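In what follows, a single structure is set out as structure tokens and then discussed.
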Amino acid sequence: MATEASLKPALVLGAAYLAVALGMAVPLLPHLASAFPHDSGDPLLNTWLLWWNTQHLPLTAAWWNAPMFYPAPDVMALSEVLLGLMPITAPVQWLTGSPLVAYNVAFLLTFPLCGMAAALLAHVLTGRRDAAAVAGLAFAFAPYRMGQLAHLQMLAYYGAPLALAGLQVYDRTHRRRWLALFGGAWLMQALTNGYALFHLSVLVGLWIVWFVRTRRALIEIAVTWALAIVPVAPLLLKYQQVHDRWHLTRDINEIRRFSVDLADFFRVPSELVLWGERMWMGRPETTVFPGATVCAIFAVWMWVDWRAARHDERTGPAIEERVLLYVSMAAGVIAVSALTIGPWRLGPLSVSDFHKPFSIAVYARLLAWVRGRSMRDGWQARSVVMFYFVAVIAMYGLALGPEPRLLGRPLLYEPPYAWLMRLPGFASLRVPGRFAMLAVLCQSMLLSMAVARFATGRWQRVLPAALALGILADGWVRLPVVPVPPPGPTVDAAASAVVELPVGDLAVDFVALYHQMMHRRPLMNGYSGYNPPHYLPLADAVRAGQVEVLAEIAQTGSIEVAIDRGRADSPALTALVSAVAGARALPTEQRWVRFLVPQTRRTLPPSGAILQVALLSANVGNQDAPRMLDGDIETAWHGGRDQIGHEEVTVDLGVAREVGALVMEMGPLAFGHPRELAIDVENPRGEFVEAFRGPTAAFALRAALEDSQRVPISIPLGRVTTRRLRLRQLGSAAGIPWWIAELSVRAPDATQ
């Protein structure tokens, strides 16, 4: 057992895994302090996050208010926090003074740490060092992991096998100290990777259902798990508070986009040396090709078991299993008929599409397997092999997301991931495909059991060595290396914050974050899994040349604006910023043009009482128009998929009233402000007269800064008497609808 293994073999194994990692990372080794592995996107963001974790005590107010997306508060709740990596990265950063060295050291160590942790679990399961070594190699250098080279939090998955190892040894010995390993490993994995907090919990729950049969064991594991959750609770509560405040949610289409398609099992990351140019290229996050070596050994295992089953003299399927198989076959035939002859009806039975009857076929077949003899025997014996086989299927199944697809075509209706999305937290996870990391871990454990079973006699040395070579061939990559950005601008002493233009450009935002680690001033640029409400209106305005909106953010102090002189649009941006009221040119540097925008005091224009609306209609999506008056900031009307310039909303007050302003409350949809808006009011002759026309980005930005929960875009109209108002959206924005959560017409303010 692993509990009796000496430390020396583990260290030798870890050194071997590290040597493999260093061999793969040869292009990076001379540049630990001057280059990022893979790319300068997420690695740069994660370097910044690791750096920030050393600047303030985590979970304090100062730490939550990280210096990006200025002036938004609590922006650490918009991203991963990577606190579980601090035992590695903080000492390296303090010793070297370089956040980048700390990141690169952590990056390199994830390979031997994942390998050693998986080897420990495999040794617990099999009792064989050769099987453990192969399993560790298969987990640490799996093709799927090579598709995650830009995501340090996904590479650092060594807590998961340690947590399972603690549970497995506890299950055998009932010694509570192994529960400490489980709880500690689960906690560190959760603090390292927010996805793992949820995904690993599902696997642990499945482990408990399979192995725990006594009340005492259930209570002890539950108490340990609850204690491990306690340190995570403040993080979860803060995340919930911030996300509720800003109504942050994940779009279901985005979740579907980052789900695994069944065809993705044959897609690979482009960096793979052996397979990168021989198989289909994959989408980001969804390349789940297991590797030819793993597929081959599992195919042999299944063939051997199939031959053995042919000679099994026990009876065939039970009656209920046969019934389920017949149901599955019948539903499959119906599903195929929907594909071949189209929708049809026969009496009360109607079939309109493929995926619903196909879902019945799949679920009936799975249920037949669950009720079958092999599954029942495995359950009764608490079979480790059967558990990890079930876990592989479950984890890959969940990676398919809320709408499993084949080449983009929906296959299943209401799959298990859709059930998970009804639980707290799961609906906020963008990438269901990341369940595949746990599937890779479980298939590595099955690989160790295959070695233990087949590597006997003359195969005892040959098979592990052959598998190791095959695993390395499947997972070997060409590691791209990207140099750090050039030095940033000098920051004027009078500046309260810095912005590098054009804000909202990902390349600029990432570089600005790198520069922020050097000058350490609050930064208006930012990048994260979510954006605060003001950020996209700001980016839209700058993109449209409305850089005067920078004055809206200069309410707490002057803003330094920096423009990279090497950009093609530098002259145009320079001219726009120089025209901002009060902007002062700072000394120009070799690479940077700099300005100081002075502090500006602005507030939302005052609004009077809300006037009652008798009738509201829209020329697009009129069925949803009542949502603009339902009092719910989280329901909204939209004018179609894109802003194309002909969307209209008409408001009828019933009788002529004196009007001072119109307010569009955007809630979580500030990015959907109208790009160009005209407001017409009806005169006594029944004619519409234009009372306002112009872009609304500045209004949206100011509203988001003043009230980030409701984002009330207030358009002043002076004092007009009218019965009807017409809002016309005249701009264009591909892929962004014109949204309105709540619409109100206001009387003139008493002070006007």
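The values are calculated or read from the model by the stated rules, or taken from the named source; none is laboratory data. The structure presented is a predicted model; accordingly, all values stated were derived computationally and were not measured. With ligands, DNA and RNA removed, areas are computed over all heavy atoms of the protein, side chains included. Shrake-Rupley method; radii C 1.70, N 1.55, O 1.52, S 1.80 Å.
Of the accessible area of the stretch 599-752, computed with a 1.4 Å probe over protein heavy atoms only, carbon and sulfur atoms account for 47 percent. Translational diffusion of the stretch 502-579, estimated by Stokes-Einstein from the Kirkwood radius over alpha carbon pairs at 4 °C in a medium of 1.567 mPa s, is 98 µm² per second. Size descriptors for the chain (Cα atoms only): Rg and Dmax, in that order, 29.8, 100 Å. With θ taken as phi - 60° and the Karplus curve 6.51 cos²θ - 1.76 cosθ + 1.60 applied, the whole-hertz 3J(HN,Hα) list for the stretch 248-265 is 7, 9, 9, 6, 4, 5, 5, 5, 4, 5, 9, 9, 6, 8, 4, 5, 5, 5 Hz, x standing for glycine and proline. Computed from backbone phi, the HN-Hα couplings of the stretch 70-76 come to 3, x, 5, x, 6, 6, 5 Hz, rounded to whole numbers (Karplus: 6.51 cos²θ - 1.76 cosθ + 1.60, θ = phi - 60°; Gly and Pro given as x).
In this structure, the amide hydrogen of LEU677, modeled 1.01 Å from its nitrogen in the peptide plane, lies closer than 5 angstrom to those of GLY694, THR696, LEU730, counting only residues at least 5 positions away or on a different chain. Once divided by 2.2 N^0.38 Å, the Cα radius of gyration of the stretch 617-702 becomes 1.13. Using the Stokes-Einstein relation with a Kirkwood hydrodynamic radius computed over Cα pairs, the translational diffusion coefficient of the stretch 92-163 at 10 °C and a viscosity of 1.306 mPa s comes to 124 µm²/s. The convex hull built on the alpha-carbon positions of the stretch 698-752 has an orientation-averaged projected area of 5.3 nm². Amide H contacts for LEU411 (H built 1.01 Å from N in the peptide plane; partners 5 or more residues away or on another chain; cut-off under 5 Å): ARG405, LEU406. The value of relative contact order for the chain, using C-alpha pairs under 8 Å at least six residues apart, is 13 percent.
Residues whose amide H falls under 5 Å from that of GLY401, counting only those 5 or more places apart or on a different chain, are VAL260, with hydrogens built in the peptide plane. At q = 0.15 Å⁻¹ the log10 of I(q)/I(0) for the stretch 156-303 amounts to -1.00, computed by Debye summation with a single uniform scatterer per C-alpha, solvent ignored.
What the Cα atoms of the stretch 332-428 give is an Rg and a Dmax of 16.4, 48 Å. Helix by helix, which DSSP H runs in the chain go 30 Å or more along their axis at the Cα atoms and have an average Kyte-Doolittle hydropathy of 1.0 or more? Span-like helices here: 99-126, 319-340.
Computed over protein heavy atoms with a 1.4 Å probe, the accessible surface of the stretch 497-571 works out to 30 Å² per residue. When only Cα pairs under 8 Å and 6 or more residues apart are kept, what is the percent relative contact order across the stretch 220-337? Across the stretch 220-337, relative contact order equals 15 percent. Surface composition of the stretch 74-195: carbon and sulfur atoms hold 66% of the protein heavy-atom accessible area at a 1.4 Å probe. The residues of the stretch 334-480 have, on average, 48 Å² of accessible surface per residue, using a 1.4 Å probe with all protein chains present. Compactness ratio for the stretch 550-666: Cα radius of gyration over 2.2 N^0.38 Å (N = residue count) comes to 1.60. With all protein chains in place and a 1.4 Å probe, the accessible surface of the stretch 442-506 carries 64 percent carbon and sulfur. Evaluated at q = 0.15, 0.17 Å⁻¹, a Debye calculation over the C-alpha positions of the stretch 102-227 (equal weights, vacuum) places log10 I(q)/I(0) at -0.69, -0.87.
At the residue level, ILE610 shows approximately 120 square angstrom of accessible surface with a 1.4 angstrom probe and all protein chains present. The heavy atoms of THR588 offer some 90 square angstrom of accessible surface to a 1.4 angstrom probe. Accessible surface calculations at 1.4 Å, restricted to protein heavy atoms, place the stretch 591-691 at 47 Å² per residue.
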